[in-house]
1. Using every pair of alpha-carbon atoms in the range 260-327, split the distances into 10 Å bins beginning at 0 and state the percent of pairs per bin, rounded to integers.
2. Let's test this: bin the Cα-Cα distances of the range 1-76 at 5 Å from zero up to the farthest pair and state each bin's percent.
3. Counting pairs of Cα atoms in the range 325-385, how many percent are more than 19 Å apart?
4. Of Asn57, Asn72, Asn94, which is the most mobile in a GNM of the chain whose springs link Cα atoms less than 10 angstrom apart?
5. Over the chain, what is the relative contact order in percent, taking alpha-carbon pairs closer than 8 angstrom and at least six residues apart?
6. Taking the Cα centre of the range 270-364 as origin, work out the dipole magnitude from +1 charges on Lys and Arg Cβ and -1 charges on Asp and Glu Cβ, in debye rounded to 20.
7. Sort Leu257, Leu274, Leu99 so that the residue with the fewest other Cβ atoms within 10 Å of its own Cβ comes first and the one with the most comes last.
8. Mind checking which of Gly172, Gly120, Gly64 has the largest fluctuation in a GNM of the chain, springs on alpha carbons under 10 Å?
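All of the numbers you see were taken from the coordinates with simple rules; none came from a lab. Please read all numbers here as calculations on a predicted model, not as lab measurements. Methodologically, a virtual Cβ is constructed for each residue, glycine included, from the backbone with ideal geometry; neighbour enumeration extends over all protein chains shown.
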Amino acid sequence: MNIYLTLIIAAYLAIVAFGYWLDYLNLAHLKKYGSIIPGEFEGQIDQDLLSRTRDYNIEHTRFGFISSVFNNIVFIVFILILLNIYNSWIVSLNLNFILTGLVFFLLMTYAETIISIPFGLYNTFKIENKYGFNTMTFKLWVTDTLKSLIISTLLMALLIAAGLFIVQKSPGLWWFWVWCFFFAFSIFMMYIAPYVIEPLFHKFSPIEDEKLESGIRELMEKVGIKVSRVFKMDASKRTKHTNAYFTGIGKVKRIVLYDTLIEKMDYDEIISVLAHEAGHWKKKHVLKHIAVTEVIALISLYIAYHLLQSDILLGIFHIEQNSFFAKLVIIGFLGSIVSFPFSPLSNHISRRHENEADRYSFEKTGNKESMISALVKLSKDNLSNLHPHPLYSLFHYSHPPVLERIRSIRALGK
């Protein structure tokens, strides 16, 4: 193993080890403080629920550790040994450039899917069942998995074929044209996903509560957001977790409420939740996220273009057959290492956006108690960790920890 490869693998393993250390800190913190009922939850939870919350989070973390260790071992073996063998076999097929890329990446995707199946089954039908969240039948799980595989195959095939066609036609500027195509495609998917893809997995029906629908529309008019429809989603066929979200873009924006959320929250709480989501749109958080993501994508493609001009990566990773596709896999691996230190910054920006959306919700509804009670219910219903370690949340939480968030909301208007 050459010195460069040794340093790269050492950096990867250091990141993995750091992640496990964060998990350990978080578990230790939960075990120490998990039995303490915060003042914000007085009268809302009891010791039995706290114990279930602690056990649920501990079990998820331990299972995540086992699956992560397995996946990391498989990945290291693949990147150090199997990638060369796999790449040589694909090259030996003597297919044209686009077809070679399709076979190369689709087979990798299928292998990853097969490897993840046992872990997905255990998580869904063992852990989620144990804590009363899973409502999905095995038949529905199989159906969803097959649908996802078919859809991902079609979309990946389209993206890969189009991207490689552009590489062939514009060898000196493909990084820019590929970026343009991927950006246009992502916007296109925002338009059609609510009408073509999402209904393949869920049933969407109009809100039956006329008062609630009227209140939602009044709120949207008040904040100046045009929403085409307000729907209830049959989330209860798969889970008891609760959620609500905006979907679509432009004139096809829709509001979707989980039926589990409608069942467990009252009118004012739902309005507060949706006012928060509206805040993300009015503060242009979605637009800012897209802009930052696309700038990073453009820079990444430009760097990848220059790395692909050289065979240095093939030499470092001992790849015998020159391959555009093996280089892409290696670049993706290196990108995951380089991007890791930026995760706290990304989470910080996301948490700031959440606080801004909370503030916006209060400004439009004037009802911070309903915002707080909604957060309390969401935390209870989802068995959320009330005591995450600060360093763990720094690297893993895109939302402020719930206690911090509730305290910030209480301070609004003072």
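1. 17, 22, 18, 15, 15, 12, 1
2. 3, 13, 18, 17, 13, 11, 9, 7, 5, 3, 2, 1, 0
3. On the way: 1080 of 1830 pairs.
Value for the range 325-385: 59 percent of Cα pairs lie more than 19 Å apart.
4. Looking only at Asn57, Asn72, Asn94, the largest GNM fluctuation is found for Asn94.
5. 22
6. With only Lys, Arg, Asp and Glu charged at Cβ, the dipole is about 400 debye.
7. Leu99, Leu257, Leu274
8. Evaluated over the chain, the most mobile residue of the options is Gly172.
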